[in-house]
Amino acid sequence: MSRFKKPVAIVAIIIAVIVLVLIIAPFFINADLFRPEIERALSQKLGRKVQLGHIRVLLFSGSLSADQISISDDPAYSTEPFLTAKSLSIGIDVMALIFSRDLRVHSLNFINPRVQLLRTASGEWNFATLGTTAKFAHRNQRSSSLPISLKVDQDNPEGATASTAALNSFSVDQMKISDGTVALGRVGQPPSPAYQTVSISARGISQTAAFPFQFEAKTPGGGKISLTGTLGPMDNNDGNHIPFQGRAKAQNIPAQDIENLMAVLGYALPAGSHLNGGAVQADMALQGPLDKLAADGPVKLSAVTLTGFSLASKLSAALGQSGAHTGNDTLIDVAEGTFQYGPRGVHAENLNVEIASVGSVTGSGTISAENMLDMRLVAKLTGSSLIARLTQISFFNKGGGIPFRVEGDVSNPQVTADIPGLSNTPLNQLKIPIKGQLGSVLGGLLKKKEPQ
């Protein structure tokens, strides 16, 4: 054999041996021996009971695969599982497993999971208590250097053993959720329709530094929502206080999905009303700990109908024209503005709302966390209706439209005209009948101006 062929042959033999080991090793490694300790370690660190099904070795992918995963919920929120999954892929150190029966975990990938996220009336989420009973160790190290190390006792093949130090050092450098389902809801109420094809990934998970985080999902009505940014550090025992910074984008979200999300977040619509049709677009910056998360950015609604509530009817009544035919709904062609969401509520700036057969509404205002309204708006009405003809009078058209306020509880908003200087009303321009409250006011003013 030539001097060149001999090294090649040796390399080929080594490769063949490695391949052979990888092929036959799974038949000699009973991965289920590790199941009790993996369950115990995960349960300890999550503060929730974790149950795993059958575990098998997948050496070519460098992982273990566990069937039928279940993570219980905090009993203060629900008796149903927080997460269930068909399978869990556990990334491992293959060589350590083969040659020393030492299991070192560095990543988790939940496949086809279903997650139930619940929120209390005070704004607390069930995921926030994950890990609150755990005692983190080695806080000055990155998680990639903190694998779980579970070694099988060769003299006791009935089960796996692990030292307390090894369990306390357990952490996961990477976590993924693939093709998942997430249901949102309020505690004690049925969850809303679930978000589908959910993908979540976090890598470089650290107890001392922020790490990349990504989230993508399809809403129940077929829209798309994505979230990218940095999460962490994880160096606390309360998920509500974990810092986050990034952006959230919403594309073609059906209005019904927005209504469901509003209900989960504690915001309401006027009593008896609903959002139908159309879609929502948004691109918002996010910042703050999860319990005080702030969002800021443009939001746009297109072709949305607010059924069961007529803004034109409310405005007509405010101008003393109650009973004017305005319909029972508000058909919104376009509604856009800059929104700021935070613990105190929602603040809207640069609002511009185009309402079919009515006109436009501009302005700004707030909706408090307690669902109280404080809006300052201007209506620029079009068409031939009585309420639209009123806006053609210069008195009512101060600043290019009728200024009005929307106040009170969201469930029963109070719309009032915000028109100063009624004593200067140019009644000689009025060519249409005035009835109701405004007519009485104007009539009283006219009598006061008659010669004595």
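Here, each number is a calculation from the coordinates, and none is a lab measurement. Being a predicted model, the structure only gives us computed values, none of them experimental. Note that we place each Cβ from the backbone using ideal geometry, even for glycine, and neighbour counts take in every protein chain shown.
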ask   = Expressed in nm to one decimal, what extension gain is obtained for the pair residue 251 and residue 352 from 0.36 nm per residue of sequence separation less their Cα-Cα distance?
value = 34.4 nm
ask   = So for the pair residue 418, residue 40, with labels modelled 7 Å out along Cα→Cβ, what separation do we get in nm?
value = 6.6 nm
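Take peptides 119-125, 327-333 and line them up by average Cβ neighbours within 10 Å, highest first, as a rough protection proxy.
Working: 119-125: 14.7, 327-333: 18.1.
Highest to lowest by the protection proxy: 327-333, 119-125.
Calculate the dipole size of segment 247-305 relative to its Cα centre from +1 charges on Lys and Arg beta carbons and -1 charges on Asp and Glu beta carbons; express the result in debye to the nearest 20.
Numbers: 4 positive and 5 negative charges, 24 e Å.
Here segment 247-305 has a charge dipole of around 120 debye.
Output the pairs from 224/292; 49/86; 224/314; 176/300 with a Cα-Cα distance over 26 Å in this structure; if there are none, say none. Numbers along the way, then the final one.
On the way: 224/292 24 Å; 49/86 17 Å; 224/314 34 Å; 176/300 31 Å.
Too far apart for the 26 Å limit: 224/314; 176/300.
How much length, in nm to one decimal, is gained on full extension between residue 186 and residue 201, taken as 0.36 nm per residue of separation minus their Cα-Cα distance? Don't skip to the answer; put the middle values down first.
Working: separation 15, 0.36 × 15 = 5.40 nm, distance 2.51 nm.
Length difference between fully extended and current span is 2.9 nm.
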Local net charge near residue 295, Cβ-Cβ under 11 Å (Lys/Arg +1, Asp/Glu -1) = -1
inquiry  = Order 222-230, 309-317 from most to least packed using the mean count of other Cβ atoms within 10 Å.
reply    = 309-317, 222-230
remark   = Scoring only Lys, Arg, Asp and Glu (+1, +1, -1, -1) among other residues with Cβ under 12 Å from the Cβ of residue 315 yields +2
note = If each K or R counts +1 and each D or E counts -1, the residues other than residue 281 whose Cβ falls under 12 Å of its Cβ total +1
